[in-house]
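One structure is given here, and the rest of the page talks about it.
The values are calculated or read from the model by the stated rules, or taken from the named source; none is laboratory data. In this text the structure is predicted, and so the values were computed from the model without any measurement. All Cβ positions, glycine included, derive from the backbone under ideal geometry; neighbour counts span all protein chains shown. Accessible surface is based on the protein model in full, side chains and every heavy atom, while ligands, DNA and RNA are left aside. Shrake-Rupley method; radii C 1.70, N 1.55, O 1.52, S 1.80 Å.
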Amino acid sequence: MSVDRRDFLKLVGMGSAVFVLGTRVLPGAADVIPGQDDFLFVQLSDAHWGFSDPKVNPDYAATLKKAIAAVNSMKMQPDFVVFTGDITQTTDDPAVRRKRMAEARDIINGLKVKTIRFLAGEHDAGLDKGEAFQEYFGKTHYTFDHKGVHFIVIDNVSDPTSSIGDVQLQWLGDELKKIDKDSRIVVLTHRPLFDLYPNWDWWTRDGAKAIDLLMPYKNVTVLYGHIHQEHHHMTAHIPHHAAKGLMYPLPEAGSFAKRVPIPWDPAAPYKGLGYRSIEAKAAKAEYLLTEYPIKDKKLIRL
Amino acid sequence: MIQQKKGLWLVLALVMVSIMMSVPAVPLHAEDQAEGDQVIRITAKRFEYIPSEIRIQKGVPVVLEFTSLDRIHGFTIPDLGGIRTTIEPGKVSRVRIVVPTVGTYEFHCDLFCGDGHEGMTGKIIVED
């Protein structure tokens with residue numbers, strides 16, 4: 001079940017939600033947990049560093065840098081930044097892959113905030129099972145806690161079959177056993193865990209197994225990338241939010257015969273590109289998602 | 001009791017009918033080719049299938065026979081029950097399908113194979 005903004009709000013019963021220009025309050029409600037505090041983090045995704053088709057993005061060499069500068073100019077600096085995969089454009093040449101990763105890492109390290117959580121995309125890790133990625137960005141699946149929220153990073157790209165794999169699913173199950181059922185959990189991943197559109201490889205082959213493991217937990221939110229556009233979906237009580245990319249937008253699922261980038265629009269530079277901030281609220285246990293274009297703050301008229 | 005049994009059988013029958021009606025095709029995963037099956041040979045290479053458009057007859061068993069010219073590729077038709085195979089260089093992979101419903105079914109490579117993988121697609125057109 002895919003939904004647009006309006007449908008999504010109806011779906012999750014957010015009629016009483018507070019909306020501010022450019023922000024939306026999204027579900028993930030839980031009681032206030034001792035030790036929990038408000039915090040802000042930023043999601044960047046799909047920079048595809050190394051991509052160089054000027055018809056798709058004539059500013060391919062500077063778009064990521066603009067995003068980094070924009071995050072640095074935020075009045076309220078995030079506690080950390082997550083990068084949900086496809087940091088680099090894939091290449092068959094392992095040396096070029098590493099060169100791109102080194103360059104991208106240097107650019108991203110220009111962030112004022114120094115806590116950056118990296119995820120791999122299939123462009124980063126699909127041809128060498130994540131070997132180069134791990135050299136430059138660390139593990140491909142892991143957990144971390146921040147102010148009362150448990151973050152779980154799932155790797156669904158290092159296996160070229162778009163799978164998480166039984167070993168990692170066992171690990172996920174073991175990690176979840178350590179967490180109370182009413183804890184707040186944010187899952188970070190590259191591909192959608194649900195079957196968004198398998199014809200375009202917008203799915204995770206064994207994603208349903210991960211969702212089954214997460215289902216008993218009351219307060220789970222999934223943030224992912226891969227599809228280069230904002231998208232919102234519910235599997236039962238679990239919301240899934242896809243982020244825009246930082247190199248080129250992709251069309252809506254199935255709207256074209258082939259999954260090809262939307263060409264650059266000179267009349268609307270950077271259209272469809274952007275990043276988001278996520279504000280975790282302790283008092284009301286809410287996540288406020290704010291979508292930003294590469295330049296000016298986006299105004300959402302609902 | 002008898003009424004309950006009748007009800008149970010009715011439910012089972014309805015379930016069976018609904019399953020049959022919800023499956024648009026009956027892909028047969030058997031690797032073996034039956035005698036008389038039509039064979040369509042498909043070459044996979046980065047980042048295309050040759051041919052990429054395949055026409056078959058409704059209800060007629062067809063064996064798709066794959067070879068790869070370069071590296072491992074995948075082949076899947078999500079709308080036919082997710083039928084798939086892996087295509088390895090130096091090996092022949094086969095998928096036998098019988099599609100009882102007229103229509104166009106997209107297929108693609110489901111093993112990430114490099115810069116252009118997203119465009120490695122094709123379609124099977126099932127005709128009367």
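Among the residues of the range B:104-117, write down those that are open to solvent by 30 Å² or more (accessible area, probe 1.4 Å) and over 19 Å from the mean Cα position of the chain (by Cα).
Correct list: B:115 only.
Counting only residues that are part of a loop (DSSP other than H, G, I, E, B) and within 14 Å of chain B (Cβ to nearest Cβ), which one in the range A:61-93 is surrounded by the fewest Cβ atoms within 10 Å (Cβ to Cβ)?
Checked the range A:61-93; the qualifying residue surrounded by the fewest Cβ atoms within 10 Å (Cβ to Cβ) is A:93.
Would you pick out the residues in the range A:149-190 that are part of a strand (DSSP E or B) and either within 14 Å of chain B (Cβ to nearest Cβ) or open to solvent by less than 30 Å² (accessible area, probe 1.4 Å) (or both)?
Matches in the range A:149-190: A:149, A:151, A:152, A:153, A:159, A:163, A:184, A:185, A:186, A:187, A:188.
Of (1) out of contact with any strand residue (DSSP E or B) (no Cβ under 6 Å at 6 or more places or on another chain); (2) within 30 Å of residue A:180 (Cα to Cα); (3) buried (at least 21 other Cβ atoms within 10 Å of the Cβ), residue A:97 satisfies all except one. Which?
Against the list (1) out of contact with any strand residue (DSSP E or B) (no Cβ under 6 Å at 6 or more places or on another chain); (2) within 30 Å of residue A:180 (Cα to Cα); (3) buried (at least 21 other Cβ atoms within 10 Å of the Cβ), residue A:97 comes up short only on (2).
Any idea which of (1) hydrophobic (A, V, I, L, M, F, W, C); (2) under 26 Å from residue A:271 (Cα atoms); (3) within 14 Å of another protein chain (Cβ to nearest Cβ) is the one residue A:222 doesn't satisfy?
Every condition holds for residue A:222 apart from (3).
Restricting to the range A:45-60, what's the tally of residues that are open to solvent by less than 10 Å² (accessible area, probe 1.4 Å) and charged (D, E, K, R)?
The number of residues fulfilling the criteria is 1.
With among the charged types (D, E, K, R), in contact with a strand residue (DSSP E or B) (Cβ under 9 Å, 6 or more places away or on another chain) and at pLDDT below 95 as the only criterion, which of A:145, A:182, A:155 stands out?
After ruling out the rest, the residue left standing is A:182.
Quick one: would you say residue B:37 is away from every other protein chain (no Cβ under 14 Å) and over 12 Å from the mean Cα position of the chain (by Cα)?
yes
Within the range A:111-135, work out how many residues are in a helix (DSSP H, G or I), of a type outside the set (A, V, I, L, M, F, W, C) and within 11 Å of chain B (Cβ to nearest Cβ).
3
Would you mind listing the strands (runs of 3 or more DSSP E) fully within the range A:205-300 where at least 1 residues are more than 17 Å from residue A:191 (Cβ to Cβ), touching a residue at least 60 places away in the same chain (Cβ under 8 Å) and of a type outside the set (Asp, Glu)?
A:219-224, A:231-235, A:275-280, A:287-292
Are any of the residues in the range A:256-273 open to solvent by less than 20 Å² (accessible area, probe 1.4 Å) and not aromatic (Phe, Trp, Tyr)?
Yes, the conditions are met somewhere in the range A:256-273.
Of all the residues that make up the range A:51-72, how many are closer than 12 Å to residue A:273 by Cβ and in contact with a helix residue (DSSP H, G or I) (Cβ under 8 Å, 6 or more places away or on another chain)?
Number of matching residues: 3.
Kindly indicate whether residue A:28 is modelled with pLDDT under 95 and either more than 18 Å from residue A:188 (Cβ to Cβ) or surrounded by fewer than 17 Cβ atoms within 10 Å (Cβ to Cβ) (or both).
For residue A:28, the condition - modelled with pLDDT under 95 and either more than 18 Å from residue A:188 (Cβ to Cβ) or surrounded by fewer than 17 Cβ atoms within 10 Å (Cβ to Cβ) (or both) - is not met.
Given the condition more than 12 Å from every other protein chain (Cβ to nearest Cβ), closer than 29 Å to residue A:101 by Cα, crowded, with 17+ Cβ neighbours inside 10 Å and among the small types (Gly, Ala, Ser), answer yes or no: does some residue in the range A:141-148 qualify?
Among the residues of the range A:141-148, not one is more than 12 Å from every other protein chain (Cβ to nearest Cβ), closer than 29 Å to residue A:101 by Cα, crowded, with 17+ Cβ neighbours inside 10 Å and among the small types (Gly, Ala, Ser), which makes the answer no.
Only one residue in B:76, B:86 is β-branched (Val, Ile, Thr), open to solvent by less than 30 Å² (accessible area, probe 1.4 Å), under 24 Å from residue A:123 (Cβ atoms) and within 14 Å of another protein chain (Cβ to nearest Cβ). Which one?
B:76
Regarding the range B:57-65, can at least one residue be identified that is open to solvent by less than 60 Å² (accessible area, probe 1.4 Å), touching a residue at least 24 places away in the same chain (Cβ under 8 Å) and charged (D, E, K, R)?
Checked against the condition, which is being open to solvent by less than 60 Å² (accessible area, probe 1.4 Å), touching a residue at least 24 places away in the same chain (Cβ under 8 Å) and charged (D, E, K, R), the range B:57-65 yields at least one hit.
Can you name the number of the only condition in (1) open to solvent by less than 10 Å² (accessible area, probe 1.4 Å); (2) within 14 Å of another protein chain (Cβ to nearest Cβ); (3) part of a loop (DSSP other than H, G, I, E, B) that residue A:193 fails?
Every condition holds for residue A:193 apart from (2).
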